[in-house]
Amino acid sequence: MQSSISLDYDIQKALRKEGLSNEDFKEICRRLDRKPNRTELGMFGVMWSEHCCYRNSKQLLTSFPTTGPRILVGPGENAGVVDLGDGLNLAFKIESHNHPSAIEPFQGAATGVGGILRDIFTMGARPIAILNSLRFGPLEDEKNIGLLEGVVSGISHYGNCVGVPTVGGEVSFDSSYSGNPLVNAMALGLLETKDIVCSGAKGIGYPVIYVGSTTGRDGMGGASFASSELTNSSLDDRPAVQVGDPFLEKGLIEACLDVFKIGNVVAAQDMGAAGLTCSTSEMASKGGVGIELNLDLVPAREKGMTPYEFLLSESQERMLFVVKPGKEESVMDSFRKWGLQASVVGKVLRENIVRVIQNNEIVADLPASALADDTPIDKHKLISDPPQDIEDHWKWNENLLPNIQKSGIQCLSGQYKDQFLNWNQILIKLLDDPTIASKRWIYSQYDHQIQSNTVILPGKADAAVIRLRSQNNYSYSKSNKGIAAVVDCQNRWVSLDPLRGSIASVAEASRNLVCVGAQPLAVTDNLNFPSPETDKGYWQLASACQGISEACNVLSTPVTGGNVSLYNETRDSEGKIQPIHPTPVIGMVGLIDNLEQICSLSWKNERDSIYLIAPKFQSDDQYLTLSASSYLEVIHGLQTGRPPLIDLNIEKKLQSFLLNLIKNKLLSSAHDISDGGLAVALSESSIDSGLGVDINLFVENQRIDKVLFAEGGSRIIVSVSSEKFIEWDNFISESLIEPITITHLGSVIKEPQIRISNNNQVLLDESLSLIKDSYESSIPRRVKSL
């Protein structure tokens, strides 16, 4: 067979298009002992992009703990897998679709959902839940409203149509995300096969089968596009955004699970970023073999496609299989039954190469490991001290705020500068902040009850809870186990101290799982960062990875995989760069042994007692502070200060203690104190229940605003019914350990009022109806203001 390798192209122009450097080109030529042809250069371009090979972050990721007693599959596969016991295995993963969503929000978000679902069912797992973590610029800008509406519509369209519930998530707003929204999608799946389906090809001579949709010219160069900053000309890259079909994906799910159960598929790989190039090279590299691909046999939706277009297309809903010889027709018939394409397109080779053929000529012939495994690592100098602007932020302290009065405070700066606001007004304004406010406008567009396994509805608890129910009628089908899942990131904290902020993000994710009664198991992370090519950018990334590693080690939540998304920044027409807040999103799953032992955040009964569970040092400025708080930003217009420190060993003790309280059915509710502090957390539990609170604190020598609105880790409010008082007291006396303390705050009242006093002097007394209106109307009012 003759080679059609042509070397006639403009090298510098081609390198710019593929996002490769001159050093990359020299290295490619050295490895090949020749100059690559234009198609091969495109293959290297996508596979050596940050999006595919993590060339700027790979070394940092090696610090993560990745093993544990329940970890069945860790990093390197399509998704992580954990053992839930009783024959139950859970696959889960998080991925980003940030750049595509910035220029085509509906399709960018929709295909992000489709892609993460394929990662799950490629492992042999039926998708059972979707979560998402979203970031947008302020809703006062109509462009950000358009992005919000498009992204939410895309997520709801794909998830609702494909038949997988969207059960939870988080949404934050900050000016740093204007023009560069973050769209991170997480999915969970319950394995329906006895053996986990992995991606490494094996079996010399075994046939390679293409299944799913046809290949077109959509999504061209998506991986390279996702590895560069956004500019005013990024709209020209719309062809790099894929177009998805959720109904076709539904058929793909069912067909894949059918053939996986039979056992004729020996390896499977989703065609995501970099399409056929990525799937062939990764399957070959992981299996230590080669793959020959004949493009003439690939189902195409457009005529005259070149090898470059075939190999770099990111058309959606496509998979590549290696199957047992003689089983090709059986496998392909299963897909044709669902109206899907299926074709034998190649075979497994002994030599570790990717060989591509078109019109009986070799159009690409490359070492698989050079594409997918032995990829470049960009080295950066890690500065020894924090950047000067960060150190300047850390100098801020609460003494720089105006003196408080009994009834309120004069605002320092921002939109309320020089205004005097009382504590009632401040609480209402905090609840009106879109980051804190109800996300009902968003999640009401999602079908969160399809499959009938959603135990706690969105907005009702600190984490989503899903019933584990197999469709295979296995012996464990009557199990009362559940899985809890959450996504979290304290992006404001991370921007001011990436180490502390990342530790806090892991700790809060774990704490939220425990608040619903789940034992935290494992993590999937999505590292959304600006360019690592600046000293500050790389320091932020390295510090965040260190924080995640420390927290996951102490809290025994290994990392099973995830995604890195860099170059999240926008460059305006004048060349000024606006980086996003570094945003390491933590997706975490936890196991609930008995769904009768779960907790929600709402109050349950009038006269229930309300308690604060927190470390003894909760008043220490290092652990509980107004620095980096929502109060400081919303009321005083400042994003400054050093975020609070979280003692991970104490956090672990507190979470273990709380989990035992829930398992012993001693609590009526449990809710993490997070953005906005104690007053906001109390209000959220009242809003959901319709019941008020009468709180009387006994705090001396502290600012009132700190008492009401300070933030820090390791703090939870719980409620206990009068029927449980004796059991509660007995359990506390027997099980409470230092330095965890329990403080009685007050009680739940029938009157719809939020009343907070200190030493019997009323600080805040507001009707629940006004509080609820502010909380519920925040996002709808801003969206409809157009």
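The values are calculated or read from the model by the stated rules, or taken from the named source; none is laboratory data. These figures come from a predicted structure and were not determined experimentally. When we count neighbours, we look across all protein chains shown, and the Cβ atoms used for this are built from the backbone with ideal geometry, even at glycine. When the accessible area is computed, the model is the full protein with side chains, heavy atoms only, and any ligands, DNA or RNA have been set aside. Shrake-Rupley method; radii C 1.70, N 1.55, O 1.52, S 1.80 Å.
The candidates Tyr775, Tyr158, arranged from most to least accessible area with a 1.4 Å probe in the full protein assembly, appear as Tyr775, Tyr158.
Ranking Lys303, Lys616 from most to least accessible surface, computed with a 1.4 Å probe over the protein chains only, gives Lys303, Lys616.
For the stretch 403-529, the solvent-accessible area of protein heavy atoms averages 33 Å² per residue (probe radius 1.4 Å; ligands and nucleic acids excluded). Candidate cross-link partners of Lys250 among the aspartates and glutamates, defined by an alpha-carbon separation under 20 Å and a same-chain spacing of 8 or more, comprise Glu95, Asp119, Glu192, Asp258, Asp270, Glu314, Glu317, Asp333, Asp447.
Think of the stretch 659-786 as having a plus end and a minus end, set by charges on the Cβ of Lys, Arg, Asp and Glu; of Val707, Ser669, Ser683, Ser683 sits farthest toward the positive end of this dipole.
Within the assembled protein chains, the solvent-accessible surface assigned to Arg355 is about 50 Å², based on a 1.4 Å probe.
Could you compute Rg(Cα) / (2.2 N^0.38 Å) for the chain, with N its residue count?
Details: Rg = 26.7 Å, N = 786, 2.2 N^0.38 = 27.7 Å.
The chain yields a ratio of 0.96.
If you scale each eigenvalue of the Cα gyration tensor by 5 and take the root, what three semi-axes come out for the stretch 400-546, rounded to whole angstrom and sorted largest first?
Details: eigenvalues 279, 120, 38 Å².
Rounded to whole Å, the semi-axes are 37, 24, 14.
How high is the relative contact order of the stretch 285-377, in percent, with contacts defined as C-alpha pairs under 8 Å that are six or more residues apart? It would help to have the intermediate numbers written out before the result.
Details: 102 pairs, mean separation 42.9, N = 93.
Over the stretch 285-377, the number comes to 46 percent.
Computed over every Cα-Cα pair of the stretch 579-737 and binned at 10 Å starting from 0, the pair-distance distribution P(r) comes out as 9, 35, 38, 16, 3, 0 percent.
Expressed as a whole percent, how much of the Cα-Cα distance distribution for the stretch 339-401 exceeds 17 Å? Spell out each step's value before the answer.
Numbers: 1386 of 1953 pairs.
Beyond 17 Å sits 71 percent of the P(r) for the stretch 339-401.
Whole Å is fine, so just give me how far the alpha carbon centre of the stretch 315-362 lies from that of the stretch 59-87. Measuring centre to centre over Cα atoms gives 29 Å.
With an 8 Å cut-off on Cα pairs and a minimum separation of 6 or more residues, tell me the relative contact order of the stretch 514-612 in percent.
Values: 135 pairs, mean separation 44.9, N = 99.
Across the stretch 514-612, relative contact order equals 45 percent.
Couplings 3J(HN,Hα) for the stretch 173-184, derived from phi with the Karplus relation 6.51 cos²θ - 1.76 cosθ + 1.60 (θ = phi - 60°), are 10, 7, 4, 5, 8, 4, x, 9, x, 10, 10, 10 Hz, where x marks Gly and Pro. Accessible surface comparison of Thr67, Thr193, Thr306, probe 1.4 Å, protein chains only, largest first: the order is Thr67, Thr306, Thr193.
The Cα center of the stretch 549-619 and the Cα center of the stretch 415-455 differ in position by 17 Å. Adding -39500 (n - 2.57) for every DSSP H run of four residues or longer, then dividing by how many residues the chain holds, sets the calculated 222 nm ellipticity at -10000 deg cm²/dmol. Glu282 sits with roughly 40 Å² accessible to a 1.4 Å probe, with DNA, RNA and ligands left out of the calculation. Taking the accessible area of the chain, probe 1.4 Å, and keeping the other protein chains in place, the carbon and sulfur fraction comes to 46%.
Can you tell me how much longer the chain between Lys616 and Glu533 gets when fully stretched, taken as 0.36 nm per residue apart minus their C-alpha distance, in nm with one decimal? Numbers along the way, then the final one.
Values: separation 83, 0.36 × 83 = 29.88 nm, distance 4.22 nm.
Computed gain between Lys616 and Glu533 is 25.7 nm.
When Rg and the Kirkwood Rh are both derived from Cα coordinates, the Rg/Rh ratio for the stretch 36-159 amounts to 1.04. Straight-line cross-link reach from Lys381 at under 16 Å between alpha-carbon atoms covers these aspartates and glutamates, not counting any fewer than eight positions away in the same chain: Glu533, Asp535.
Heavy-atom accessible area for Thr62, with the other protein chains in place and a 1.4 Å probe, reaches approximately 110 Å².
Within the same chain, aspartates and glutamates fewer than 8 places from Lys724 are excluded, and of the rest, those with a Cα less than 17 Å from its Cα are Glu596, Glu606, Asp608, Glu734. Average accessible surface for the stretch 89-211: 21 Å² per residue, computed with a 1.4 Å probe over protein heavy atoms with every protein chain in place.
Were the residues from Val762 through Val699 laid out at 0.36 nm apart, the gain over their Cα-Cα distance would be 21.4 nm. Annotation: amide H-H contacts under 5 Å for Val699 (H modelled 1.01 Å from N, sequence separation of 5 or more, or interchain): Asn759. Taking every alpha-carbon pair under 8 Å whose residues sit at least 6 apart, the stretch 437-570 reaches a relative contact order of 20 percent.
Near Ser178, the amide H atoms lying under 5 Å from its own belong to Gly137; only residues 5 or more places off or on other chains count, and H is placed 1.01 Å from N.
Using all pairs of distinct alpha-carbon atoms, the Kirkwood hydrodynamic radius of the stretch 689-760 works out to 14.4 angstrom. From the Cα gyration tensor of the stretch 602-684, with a ≥ b ≥ c the square roots of its eigenvalues, which class applies: rounded if a/c is under 1.5, or else prolate if a/b is larger than b/c, or else oblate? In terms of gyration-tensor shape, oblate.
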